[in-house]
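The values are calculated or read from the model by the stated rules, or taken from the named source; none is laboratory data. Bear in mind the structure is a predicted one, so any value in this text is a computation, not a measurement. Glycine also receives a Cβ, built like all others from the backbone with ideal geometry; neighbour counts cover every protein chain displayed.
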Amino acid sequence: MSEKKQRGYMRPVLFYGFSTLLVLLWLIPIIIAVFTAFKPMDEIMSSPYMWTMPKQWVFENFVHVWKQAGMSRYVYNTFVITVVSLIGTLLISSLGAFALAFYTFKLNRTVLIIFISGMLIPFQMLLIPVYRFSDTVGLINTMHGVMLFHIAFQSGFCTFFLRNFMKQIPFSLIEASRIDGTREFTIYCKIILPLCVSSFAALSVLEFTWIWNDLLWSLIMLQSDNIKTVTQGLANMQGQYVTNYNMTAAGSLIAAAVPLTMFLIFQRYFIDGMTVGSVKG
């Protein structure tokens, strides 16, 4: 075998070998969490090796966390907040993207820059203004207050994302519909939205994961235990179960199961939406 052919064989071997190593390194914390969630507390305290498989698989950890630690209530609250925030964000951002993509007006570029600029502001800089404003208008300790702020802060990125996608739609479709006398909202509903299914799916997966895993705004806005989110529940669980690592790991796996299921369901659309426009022709 020639030296050139040997190099040709070595490149894919090295590439896939290195990629496999990275995947295994990334999976190590997840594997440890799974093993810890199924271990009894006595086994965890008696062995310093967290990565070993459980000698006794304990499924009651998940039942205890779900019922007695309140994880069922936290998951429900987070699901409601996430779904409502996601629907509101996609609705508002898609209307804004439609206007920025297919309407010509003087401040078109300026409005787009404002949306992009809002994405660059760290959320931590807005903690005090957001809290004082929420306290003034009565949004503190309410689920709809968290929903409104998620919609407000996620709309910038979503509008920018959808506007770039809509720009690839031939403008002749819009012109032909307008010549036929079709109303603008009908064009938006009947033409634009069906063509943006893949981008909506990709954006939904991203936004669902971001909102579901949010802890910052929940800590600021929510105080009552009956309306707290799953991330707050996990944070409180670390205080409630100081040494019960199996309970914390079980709660973390339950919290991760919902966005993981969301991604698996919309995986095909997610990949299609993220790769649109990467190949011409």
Given the options PHE79, PHE102, PHE98, name the one that is farther than 19 Å from SER252 by Cα, aromatic (Phe, Trp, Tyr) and under 24 Å from the mean Cα position of the chain (by Cα).
PHE98
Set ILE174, ILE179: member being closer than 12 Å to PHE102 by Cβ and either in the same structural domain as ILE92 (by TED's automatic domain parsing) or hydroxyl-bearing (Ser, Thr, Tyr) (or both)
ILE174
When (1) touching a residue at least 40 places away in the same chain (Cβ under 8 Å); (2) in a helix (DSSP H, G or I); (3) buried (at least 17 other Cβ atoms within 10 Å of the Cβ) are applied to LEU95, the one that fails is (3)
Residue match in the range 172-180 (condition: small (Gly, Ala, Ser) and within 25 Å of THR82 (Cβ to Cβ)):
no
Would a scan of the range 148-168 turn up a residue that is surrounded by fewer than 19 Cβ atoms within 10 Å (Cβ to Cβ) and more than 24 Å from the chain's Cα centre (by Cα)?
yes
Failed item in (1) crowded, with 19+ Cβ neighbours inside 10 Å; (2) farther than 14 Å from LEU90 by Cβ, with SER224 passing the rest
(1)
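Each row is one residue, and each column tells you yes or no for (1) free of Cβ contacts under 8 Å to residues at least 24 places away in the same chain; (2) outside the structural domain of ARG163 (by TED's automatic domain parsing); (3) part of a loop (DSSP other than H, G, I, E, B); (4) more than 18 Å from the chain's Cα centre (by Cα).
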| position | (1), (2), (3), (4) |
| --- | --- |
| ILE44 | no, yes, no, yes |
| TYR49 | yes, yes, yes, yes |
| THR52 | yes, yes, yes, yes |
| LEU91 | yes, no, no, no |
| ILE113 | yes, no, no, yes |
Consider ILE121 carefully, then state whether it is part of a helix (DSSP H, G or I), free of Cβ contacts under 8 Å to residues at least 40 places away in the same chain and closer than 20 Å to THR159 by Cβ.
no
